[in-house]
Amino acid sequence: MPQVTVTIDGKQYRMACDEGQEEHLIGLAQHFDRYVSHLKDSFGEIGDQRLTVMAGIMVMDELSELQKRVKGMESEIVTLRKTRDDALIKADKNDAALTGALGGLSDRMEALAAKLTAKRT
């Protein structure tokens, strides 16, 4: 199992990860380090554990908001799919009605052409 060293708040941590996930883990650690740095800049030295807990809560808050957005988008997708399906059903019905009307018109035109041809002879 591969291992990488990540740096959070100036401290290095050796971590294991799945094969091929090394860069992803490093990126996550860098992102988390930005949260810790932001809090440290805002509140000063308030203790490593407290900074880490606060940064974790910020990440969880962001995750919660993103999950709400995803649920909203999933709901919107369901609505859009239903609207699309309803529109396709309506279009099929309209196509059938138009095809029927054009068929009837074609029959009438052929009958009229036959009558005109019969009167000429």
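None of the figures in this text is laboratory data; all of them are computed from the coordinates on show. Keep in mind it's a predicted model, so treat the numbers as computed, not measured. Note that each Cβ is placed from the backbone with ideal geometry, even for glycine, and that neighbours are counted across all protein chains shown.
For the range 27-48, the condition holds for at least one residue, the condition being that it is β-branched (Val, Ile, Thr), surrounded by 10 or more Cβ atoms within 10 Å (Cβ to Cβ) and within 17 Å of residue 9 (Cβ to Cβ). When each of 87, 118, 55 is tested for being free of Cβ contacts under 8 Å to residues at least 40 places away in the same chain, touching a strand residue (DSSP E or B) at 6+ places or on another chain (Cβ under 9 Å) and of a type in the set (Gly, Ala, Ser), the lone residue that passes is 55.
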